[in-house]
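Written out below as structure tokens is the structure these notes cover.
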Amino acid sequence: MLTGTPIPFRNYQLVRYFTVGSETTETSETTTLDVKEDEVGFKGSLGVFKQKNSYYVEGFIDLSAVSSFVETTVEGGVFKAPLIDGKSFKINTELNDIDSIIVVGGFKVKGLDDKDLGVPFLQRIPLFGYLFKEKQNYKQNSEFIVVIKLKSAHKERKKAQLKEIYKKIKLLKNKKR
């Protein structure tokens with residue numbers, strides 16, 4: 001018989017960014033900026049159920065990460081919007097021991113970002129500015145792996161109780177001396 005309740009978990013941050021749009025009418029064209037936000041990190045639900053001689057683990061995990069940025073120039077300003085990659089995992093496995101480690105899966109993110117570097121003010125001088133600035137490209141490679149370590153709360157409580165009993169026994173032995 002299975003017993004237990006799936007427990008939700010999450011650890012993420014909100015990434016806010018601008019998106020650029022435009023509206024065209026017969027007489028004018030206007031540019032609009034909208035603020036968007038996405039969750040980046042992980043979230044899911046995990047349940048551990050006791051069976052006769054084993055444990056059954058069931059749940060899901062959603063992972064997401066910023067892989068790179070898309071640059072847009074509007075009216076002299078440069079706006080960057082993140083490209084977010086993600087993956088979902090379903091977990092259905094049986095374990096003999098509750099104190100186990102499960103490797104669920106993962107994904108790799110390869111990104112490219114470029115940055116303008118230069119001497120302030122001098123880099124903006126017409127014709128000569130290029131002598132005082134440079135553009136650098138950065139490659140970013142990240143790997144996300146989902147590893148779950150299960151621990152029995154019941155075993156941990158028993159260990160704590162045994163430690164407390166040993167302390168009391170030591171105190172009693174020290175008092176007898």
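The values are calculated or read from the model by the stated rules, or taken from the named source; none is laboratory data. Predicted model only: the values in this text are computed from it and were never measured. Neighbour counts run over all protein chains shown; Cβ positions are idealised from the backbone, glycine included. Accessible surface is based on the protein model in full, side chains and every heavy atom, while ligands, DNA and RNA are left aside. Shrake-Rupley method; radii C 1.70, N 1.55, O 1.52, S 1.80 Å.
Calculated on the alpha-carbon coordinates, the convex hull of the chain measures out at 256 cubic angstrom per residue. Which of the residue pairs Lys108/Lys139; Lys43/Lys110; Lys43/Lys139 have a Cα-Cα distance greater than 19 Å in the structure shown? From Lys108/Lys139; Lys43/Lys110; Lys43/Lys139, over 19 Å: Lys43/Lys110; Lys43/Lys139. Under a Gaussian network description of the chain, with springs only between Cα atoms under 10 Å, the residue in Gly21, Gly105, Gly59 that fluctuates furthest is Gly21.
Here's the picture: charge each Lys and Arg Cβ at +1 and each Asp and Glu Cβ at -1 in the chain, and of Asn174, Leu150, Ile84 the one pushed furthest to the positive end of that dipole is Asn174. Taken per residue, the accessible surface of segment 1-139 reaches 73 Å², heavy atoms only and a 1.4 Å probe.
I'd like the orientation of helix 153-176 relative to the chain: the angle between its Cα long axis and the longest Cα principal axis, in ° from 0 to 90, rounded to 10. Roughly 50 degrees between the two axes. Round to a whole number: what % of the accessible area of segment 1-94 belongs to carbon and sulfur, probe 1.4 Å? C and S fraction of accessible area: 50 percent. Just tell me the longest site-free run in the chain, where the sites are GluC sites (Glu not before Pro) in a DSSP loop having at most 15 other beta-carbon atoms within 10 Å. Longest stretch, sites excluded: 76-177.
In a DSSP loop and with at most 12 other Cβ atoms within 10 Å, the trypsin sites (Lys or Arg not before Pro) in segment 75-176 are Lys151. By the rule of a C-alpha distance below 17 Å, with chain neighbours fewer than 8 residues away ignored, the lysines paired with Lys163 are Lys155, Lys173.
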